[in-house]
Amino acid sequence: MNIKKIIITIVSVILLIILLSLTYNVLNRYILKTNFENEILSFANKNQETIFEINKITFFSSANAKNKNISANSYTIENLYQYTDIAFFIINNKEEKTLENTFKKVSIENIKINNRPIEGNPQLYFKSINHFSKSEIIDTNLIQNKLEFKITSEDKTDLEAPTLYNNLANPITLSYLNQNIKTDYTLTDTSSAITYDGTLLKKCNILLNNLYCNLSFDIFITNNLEQKFKSTIFIDIPLENENKTIYDGNINLKKEVNYKFYRYE
């Protein structure tokens, strides 16, 4: 075989490799595009109708202090904390309860403090509806990684534990607690009575901007058809409303939201 034929053979092989490589890349892109389109189509087909959603959240914000030591001339705070109780219903827009729009499983997961307050140690707790707006810290209610709700259809049930009626009849209630904003802090002005609410924040010279916090968490739902849904909830901890701030003692706020659950399985 002469040099010319060898060169032609080598060039032919190189061209064939390039052609095969281009063909593979085009085919691979087509497969990826087709798979992506199929995933989008499957997602769209599963979510033609909204089954579960949240359209309103109620907040109650205040403050308190633990382990209070009082003398004639001073007042010492061991743990100044700010709390916000959070309540919302998961709803559906159909009067008839079916296997599709009732609960089998509900959980809260992936809790994140996205913007931490400058002062304090923020955490999220379960809170019984019976204690909503009350100033309390129940250590056993701290949500470590995941909160799973017991689902029930019984008329009488223990709502002190995380429990939801399968027909969506009661709200999810949580409590955001930001503890140790001040520790071992002494107030020497005892000329006016101490009130254990948001006014403590002002007495202790806590700037509201230093308490700002944004948190998020995922809510997972499995219905009685074994279909699975998810929505990510974002919460800005409210420290004021149109009329007053938490410095005035406490605030109530009802906020309209638009969180829809999408079906992923």
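The values are calculated or read from the model by the stated rules, or taken from the named source; none is laboratory data. A quick note: this is a predicted structure, and the numbers were derived from the prediction, not measured. So basically every Cβ, Gly included, is an ideal-geometry build from the backbone, and we count neighbours across all protein chains shown. We work out accessible area using only protein heavy atoms, side chains counted, and drop any ligands, DNA or RNA first. Shrake-Rupley method; radii C 1.70, N 1.55, O 1.52, S 1.80 Å.
Within region 194-208, is there a residue that is of a type in the set (A, V, I, L, M), surrounded by 20 or more Cβ atoms within 10 Å (Cβ to Cβ) and at pLDDT below 95?
yes
Would you call Asn114 open to solvent by 40 Å² or more (accessible area, probe 1.4 Å), polar (S, T, N, Q) and under 14 Å from the mean Cα position of the chain (by Cα)?
yes
Given the residues Thr58, Thr50, Thr34, Thr23, which is the only one that is modelled with pLDDT of 75 or more, open to solvent by less than 70 Å² (accessible area, probe 1.4 Å) and either assigned to a helix (DSSP H, G or I) or more than 30 Å from Lys202 (Cβ to Cβ) (or both)?
Sole residue among the options that is modelled with pLDDT of 75 or more, open to solvent by less than 70 Å² (accessible area, probe 1.4 Å) and either assigned to a helix (DSSP H, G or I) or more than 30 Å from Lys202 (Cβ to Cβ) (or both): Thr50.
If you check Thr76 against the conditions, is it of a type in the set (Ser, Thr, Tyr) and modelled with pLDDT under 90?
Yes; evaluated as a whole, the condition is true for this residue.
Please find, within region 86-97, the residue that is surrounded by the most Cβ atoms within 10 Å (Cβ to Cβ) out of those that are more than 13 Å from the chain's Cα centre (by Cα) and at pLDDT 95 or above.
Checked region 86-97; the qualifying residue surrounded by the most Cβ atoms within 10 Å (Cβ to Cβ) is Ile90.
Please go through (1) in a strand (DSSP E or B); (2) modelled with pLDDT under 95; (3) within 24 Å of Asn214 (Cβ to Cβ) for Ile137 and return the number of the only condition it doesn't satisfy.
Condition (1) is where Ile137 drops out.
Find the residue count for region 137-169, including only residues that are over 17 Å from the mean Cα position of the chain (by Cα) and open to solvent by 50 Å² or more (accessible area, probe 1.4 Å).
12
Scan the strands (runs of 3 or more DSSP E) fully inside region 150-202 and keep the ones with 1 or more residues being in contact with a Leu (Cβ under 9 Å, 6 or more places away or on another chain).
Those strands (runs of 3 or more DSSP E) span 150-152, 172-182, 185-187.
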